[in-house]
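Engineer: One structure, as structure tokens, below. Some questions next.
Just so it is clear, none of the values below were taken in a lab; they were calculated from the coordinates. As the structure is a prediction and not an experimental result, all values here were calculated from the model. Here the Cβ is made from the backbone with ideal geometry for all residues, glycine too, and neighbour counts use every protein chain on show.
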Amino acid sequence: MTSLELLDTAHRQFATVLDGVGPGDWDKPTPCENWSVARLVAHLIGGEQMAARLLSGCSRDDAMAMISAGVPEGDLVDGFARAAAASRAAFDAPGAMEMVVHHPIGDVAGSQLLDFRVGDLSLHSWDLARAIGADEALDPTLVSAAWDSLSPLSEVISSIGIFGEGPSGAVAEDAELQLRLLDLTGRRP
């Protein structure tokens, strides 16, 4: 599967879980500390908008402002669909994968930014499913891609500041890959 196909799969997976959010679910807590369902969806909208803007040359400060914005007004389901389409179009542009963008964590290639988006969408699909009581099974191809991207960071992942406490040390090395990925990223299913 190509990188863009992974992104398409990640977008579809998140959209599928998002379609299950009912009117009374938006204020429910998620596994992400202090985030409601609405705040989690806003984070994904901001991430997709940030990716599109980074690939069009925005600054690190503009990217930071975008990702830390609050919950946008209007239909969040539609907002995610529009942001995902803009992100996908930006990644599909000639030279996008080789381009260096000014991400909040530092300068990265467009291909690494795409890896970030696939991982973020995949992990937050699980968070959203957990919050609303939906099916928590993630696409195995996405789990594998996120694992390949994040597992080399296992020794330092807890110090990065975006993955909670990092790995618990309580999950066996031969456990199901989704469980190991969730544990690696500070989630305790």
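Engineer: So how compact is the chain: Cα radius of gyration and Dmax in angstrom?
Structural biologist: Rg and Dmax of the chain, Cα atoms, are 15.7, 44 Å.
Engineer: Let me ask another. Please give me the summed charge of the neighbours of Ala145: other residues whose Cβ is under 10 Å from its Cβ, Lys and Arg +1, Asp and Glu -1.
Structural biologist: Residues close to Ala145 contribute a combined charge of -3.
Engineer: Let me ask you something else. Got a sec? How would Glu98, Glu176, Glu48, Glu136 order by Cβ neighbour count within 10 Å, fewest to most?
Structural biologist: So the residues, fewest neighbours to most, are Glu98, Glu176, Glu136, Glu48.
Engineer: What order do you get for Asp25, Asp120 when you list them from fewest to most C-beta neighbours inside 10 Å?
Structural biologist: Taking fewest neighbouring Cβ atoms as first place, the list is Asp25, Asp120.
Engineer: Using just the helices of the chain, give the 222 nm mean residue ellipticity in deg cm²/dmol: DSSP H runs with n ≥ 4 each add -39,500 (n - 2.57), and the total is spread over all residues, rounded to 500.
Structural biologist: Value at 222 nm, helices only, nearest 500: -17500 deg cm²/dmol.
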